[in-house]
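To start, the structure itself, in structure tokens.
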Amino acid sequence: MRKFIVLLAVCFSVNLFSQDDLFIGQTRFMQKSNASYFGFNSLNRVGVMYNSYQFNSTQNIDNKYFFGALSFDEKNFSLGLDFNSLRIQNSGLTSNLANFSYVYKVQINNNLFFLPAVTAGLGNSTFNVSTLVFEDQLDRSTGYISTETTDPLANRLVQVSYMDLGASLIIHNERLLLGLSLKHLNRPNVSFDQGAENRKQISITTNAAYEFNLNPFDRGLLPRYTYLLTYAHYTMQGKSRLLNLSQEIQLAEFAFGVNQQISFFDGFNLSQVGMSAGISFDNFEFGVLYNFPIRNINKTFAASVFELYLTFDFSKFRRNRRGLYKRLQNDNYF
């Protein structure tokens, strides 16, 4: 029973934050899984996202994300910066990660582009030990819980910092996108106890997208610019496997989609299904997503997820081309 209460909370929290960020807007924030997307179509963009994972009425995780991409197309490269902050309320754990990415552009032909990238990140995690109860704080005869502890473990659960390195690539044209991303190449140690090791496992992600023009001849009831984007995102990290699928239809300035999340840890599990809606106005895009957990037909303890995002595109001349509403483009490359 020694330190059972605190160790239970620490093990749960460390295992969670040592994995990759949590989000469901895969097609709108593809750079979170593949940093090469910062250089996609040489766009200059900024955006914010917020999501909340709800496990039950008392347990939830809040996640905040910001990104910016700046293109130097005449020099054939782009720079990307993003920052993610995750907070587990009950455990008092806060995990922050800031990444800086360099993306180089290689034009293979008039319609095909290759985008390799390297990423360097700085992570920091802190623990609010006041939310935990140590063994010496408990008076078993009265049930009284003291506000102070002399347990030496309390001094270790304060802060951990680490470097995180990654590499990625994307090849795409105006219809098809293929990508590969490697994260945690240096396997950073994220253990709060400096005398022990809890290294992040290398994450390998493949992603693919294909876009269909559903109204190429501008006929029928559909708007002139109507597209269907299909997307797949597969991640391998240690023994876990995760597949995210998304199908999104763009009806001029409006977008509607469905998504599915499938895990392959300890067998096949359909863990979440969800829906999304978005709207484009000039250079702004706003969207909301919600995923429903599926807990009865699999072995995973899934969460319900609510997500909001807002992005702004400040690329040159993009305001004059917003009527196209196509997701896979190469019209902004010089």
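The values are calculated or read from the model by the stated rules, or taken from the named source; none is laboratory data. Quantities reported herein were computed from a predicted structural model and do not represent experimental measurements. Note: ideal-geometry Cβ built from the backbone for every residue, glycine included; neighbour counts use all protein chains shown.
Summary of computed values
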item: Subset of region 33-53 (residues that are assigned to a helix (DSSP H, G or I) and in contact with a strand residue (DSSP E or B) (Cβ under 6 Å, 6 or more places away or on another chain)); result: ALA35, SER36, PHE38, GLY39, SER42
item: Counted residues, region 60-94 - those being within 19 Å of SER168 (Cβ to Cβ) and not in a strand (DSSP E or B); result: 1
item: Candidate set: region 85-106, residues that are polar (S, T, N, Q) and touching a helix residue (DSSP H, G or I) at 6+ places or on another chain (Cβ under 8 Å); chosen: the one surrounded by the fewest Cβ atoms within 10 Å (Cβ to Cβ); result: ASN90
item: Tabulated pairs, region 198-213, first under 19 Å from ILE170 (Cα atoms) and without any contact (Cβ under 8 Å) to a residue 60 or more places away in the chain, second surrounded by 20 or more Cβ atoms within 10 Å (Cβ to Cβ) and small (Gly, Ala, Ser), C-beta under 7 angstrom, 6+ apart or interchain; result: THR206/GLY179
item: Some residue of region 166-178 being in a strand (DSSP E or B) and hydroxyl-bearing (Ser, Thr, Tyr); result: yes
item: Residue in region 201-239 that is farthest from ILE24 (Cα to Cα), counting only those that are of a type in the set (Gly, Ala, Ser) and not in a strand (DSSP E or B); result: GLY220
item: Residue under evaluation GLU307, criteria (1) of a type in the set (Asp, Glu); (2) at pLDDT below 90; (3) part of a strand (DSSP E or B), criterion not met; result: (2)
item: So ASN109, is it surrounded by fewer than 22 Cβ atoms within 10 Å (Cβ to Cβ), without any contact (Cβ under 8 Å) to a residue 12 or more places away in the chain and polar (S, T, N, Q); result: yes
item: Any hit, region 170-186, residues being surrounded by 14 or more Cβ atoms within 10 Å (Cβ to Cβ), in contact with a helix residue (DSSP H, G or I) (Cβ under 6 Å, 6 or more places away or on another chain) and at pLDDT 90 or above; result: yes
item: SER36 being at pLDDT 50 or above, at positive phi and not aromatic (Phe, Trp, Tyr); result: no
item: In region 225-253, residue surrounded by the most Cβ atoms within 10 Å (Cβ to Cβ) [restricted to those that are over 21 Å from VAL273 (Cβ atoms) and touching a Ser or Thr at 6+ places or on another chain (Cβ under 8 Å)]; result: GLN237
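A quick yes/no check of all residues on (1) in contact with a Ser or Thr (Cβ under 9 Å, 6 or more places away or on another chain); (2) modelled with pLDDT of 90 or more; (3) not basic (Lys, Arg):
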| residue | (1), (2), (3) |
| --- | --- |
| ILE204 | yes, yes, yes |
| ARG219 | no, no, no |
| PRO223 | no, no, yes |
| PHE268 | no, no, yes |
| LEU289 | yes, yes, yes |
| PHE317 | no, no, yes |
